[in-house]
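Asks: Shown below is the structure under consideration.
The values are calculated or read from the model by the stated rules, or taken from the named source; none is laboratory data. Given the structure is predicted, the values throughout are model-derived calculations rather than measurements. All Cβ positions, even for glycine, are placed from backbone atoms using ideal geometry, and neighbour counts span all protein chains on display.
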Amino acid sequence: MKRLRPPVLLFESDRGRELRLFSLFGWAAVLGLMVGGIAMQLEDTMGGDGVATTMAGLFALIGAALWMDQRRRRYIIRILRLPEGLLFETTGLFGPLRRFVPQEKLGAIRVTEPDLSGIVRMKLPGSRAAFRLESGGRDVDLGLPQPADRRRRR
């Protein structure tokens with residue numbers, strides 16, 4: 001029987017719980033405001049703004065919540081090295097979301113240098129937008145193959 005090597009933790013962020021709670025609070029606020037807006041329209045009130053204004057406000061709230069939720073999903077909270085590749089965990093609403101990059105596609109990962117606030121952006125293969133990793137000034141070594149142009153400069 002082949003013995004599997006345990007995963008190696010390469011990076012872990014402590015902000016995943018904060019982001020999840022913030023997102024849950026945001027969705028609860030949107031739901032509460034939607035119920036309140038619909039209840040106001042059901043009541044026959046004099047001098048109200050009308051259905052169109054209320055519905056536009058509700059759609060704007062939903063759009064803001066979706067934007068906030070999309071940013072939360074792009075925040076990397078943990079990176080694990082497996083024998084087959086790298087496993088990236090991002091913050092899900094009720095638990096972590098996992099994205100696996102196989103060993104043969106590791107060269108396609110693009111990583112930026114940390115900015116002044118310690119945020120590193122990673123473009124994973126098959127994703128449209130970059131993922132964010134808050135390094136906090138720490139050096140994050142994923143053991144990725146260096147592009148040819150970077151190897152020549154050093």
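The rows are residues; the columns are (1) in contact with a strand residue (DSSP E or B) (Cβ under 6 Å, 6 or more places away or on another chain); (2) over 22 Å from Phe94 (Cβ atoms); (3) modelled with pLDDT of 80 or more.
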residue	(1), (2), (3)
Arg3	no, yes, no
Asp14	no, no, no
Arg17	no, no, no
Val30	no, no, yes
Gly37	no, yes, no
Gln41	no, yes, no
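Asks: While we're on this one: Filter region 67-92 for residues that are surrounded by 13 or more Cβ atoms within 10 Å (Cβ to Cβ), farther than 16 Å from Ser13 by Cβ and under 11 Å from the mean Cα position of the chain (by Cα) and give the result.
Replies: Matches in region 67-92: Met68, Asp69.
Asks: Before we move on, is Leu61 under 17 Å from the mean Cα position of the chain (by Cα) and within 22 Å of Met34 (Cα to Cα)?
Replies: no
Asks: Could you pull out the residue among Phe59, Phe22 that is among the aromatic types (Phe, Trp, Tyr), at pLDDT 75 or above and under 22 Å from Arg132 (Cβ atoms)?
Replies: The unique qualifying residue is Phe22.
Asks: Here is a further query. Is there a residue being in contact with a helix residue (DSSP H, G or I) (Cβ under 9 Å, 6 or more places away or on another chain), of a type in the set (A, V, I, L, M) and surrounded by 12 or more Cβ atoms within 10 Å (Cβ to Cβ) anywhere in region 138-146?
Replies: Checked region 138-146: at least one residue is in contact with a helix residue (DSSP H, G or I) (Cβ under 9 Å, 6 or more places away or on another chain), of a type in the set (A, V, I, L, M) and surrounded by 12 or more Cβ atoms within 10 Å (Cβ to Cβ).
Asks: Okay, next question. Can you find a residue that is among the polar types (S, T, N, Q) and touching a Phe, Trp or Tyr at 6+ places or on another chain (Cβ under 7 Å) anywhere in region 75-95?
Replies: yes
Asks: Condition first: closer than 30 Å to Leu142 by Cα and either in contact with a Cys (Cβ under 8 Å, 6 or more places away or on another chain) or in a helix (DSSP H, G or I) (or both). Can you find one or more residues in region 43-51 that meet it?
Replies: no
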